[in-house]
Amino acid sequence: MLFVIAGVLGFITLTALGLAFAGGDQNAARTAKRAQAIVGGGRSEALARAKAVANTPDARRKQILKTLKEQDRQQKKASLSIAARLRAAGLGEKIQMFWIISGVIGLIAGLIVIVLRQHPLIALGAAFAAGFGLPRWVVGMLAAARTKKFTEAFSDAIDIIVRGIKSGLPVHDCLKIIGKECPEPLAGEFRMLTENVGMGMPMDVALERMYERMPTNELRFFAIVLSIQAKTGGNLAEALGNLSTVLRARKLMGEKIKALSAEAVASSFIIGALPPGVVVLITVTAPAYMQTMFNDPRGHLMLLAGGIWMSIGIFVMRKMINFKF
């Protein structure tokens, strides 16, 4: 009898120990699950906090500024290309023709210097300057002049759109009026814009193409206003009226800057033109006195050093008087 009772008690003890260990494993598993839930909840809460921080006005403003800076960087890189300069000058995208003309001009300049019996290195430098620098300079001047005409008439074009919207005309008809009534190159660019929109191109894409042809800040502001109005709605006439006021204020500020920097500009032109002018006058009045400078290798070295320092000085003066607003 005692043996039976001892066996029953041993069985109960072993069963209790087994349940205890099994329950410990379950408790450990439950504890691990709870820890994972806590960690997961912490991560989800951290993600939620990060999203909340990203949705604050300061974070959105920083993101917008970062995007704008990146776009400016990309646009500056794109505007330095030959294709962009040709488009801004209204010459299309005839890049191959541009390089052919540049090569011909450089070859002619080099042959002229060789015919004048100058040193081959001088002929090579003249060919490089005439073939690589002169066409770019001409295209840059044409692009700057065309951009200036476009910018001067752009505020009036926005006023036309504002008056047309207030009178009940749709935006597309107002753009057509600009293409008919405004001077070139503004009219041509808006005619191309209305043609692209009429063929089914979205307004934002058409404005982006227009900005590629005419990369000005005024046109970019106009495109941003139309894009925001198309997405969020609102009074387009009032927004464009405010934009016209801002653009006229920018134009007035530019004129003030030109007036204030006129003396510095004149001084830079005089200082930059004085050394070459003196050399030309001495060469004309006393050729024998300057003959050594052009015939002796030391004179060539002096002319080269003088040209380099003059170029550096002109570049520095240009940076000092070139105000961006």
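Return the sequence-ordered ³J(HN,Hα) values of the range 253-261 in whole Hz as given by the Karplus equation 6.51 cos²θ - 1.76 cosθ + 1.60 applied to θ = phi - 60°, using x for Gly and Pro.
Here the 3J(HN,Hα) series is 5, x, 5, 5, 5, 5, 5, 6, 9 Hz.
What's the local net charge at I95, with K and R +1, D and E -1, over the other residues with C-beta under 13 Å away?
After counting each charged neighbour, the total is +3.
Just subtract the alpha-carbon distance of E263 and L169 from 0.36 nm times their residue separation and send over the number in nm, one decimal.
29.1 nm
Label L303 and L107 with points 7 Å out from Cα along Cα→Cβ: what is the distance between them in nm?
2.6
Write down Rg/Rh for the range 261-325, rounded to two decimals, with Rg from the C-alpha atoms and Rh from the Kirkwood relation over Cα pairs.
1.11
Want the number for K148 to A288: 0.36 nm per residue separation, take away the alpha-carbon distance, what's left? If you can, show how the numbers build up before the last one.
Working: separation 140, 0.36 × 140 = 50.40 nm, distance 4.67 nm.
So the chain would gain 45.7 nm between K148 and A288.
Given contacts defined as C-alpha pairs under 8 Å and at least six residues apart, what's the relative contact order of the range 194-325, whole-number percent? Before the final figure, lay out each step's value.
Working: 40 pairs, mean separation 24.0, N = 132.
Worked out over the range 194-325, it gives 18 percent.
Find how many whole Å separate the alpha carbon centroid of the range 136-167 from the alpha carbon centroid of the range 231-279.
Cα centroid to Cα centroid, the span is 14 Å.
Would you calculate the separation in nanometres between label points at V316 and I95, each defined as 7 Å from the Cα along the Cα-to-beta-carbon direction?
Going by the 7 Å Cα→Cβ label model, 3.7 nm.
Once you charge only the Cβ atoms, +1 for Lys and Arg and -1 for Asp and Glu, what is the size of the charge dipole of the range 171-293 about its Cα centre, to the nearest 20 debye?
That gives a dipole near 160 debye.
Every number here is computed from the coordinates shown, using simple stated rules; none is lab data. Computed from a predicted model, the values in this text were never measured in an experiment. Cβ coordinates were reconstructed from backbone atoms using ideal geometry, including for glycine residues, and neighbour counts include every protein chain displayed.
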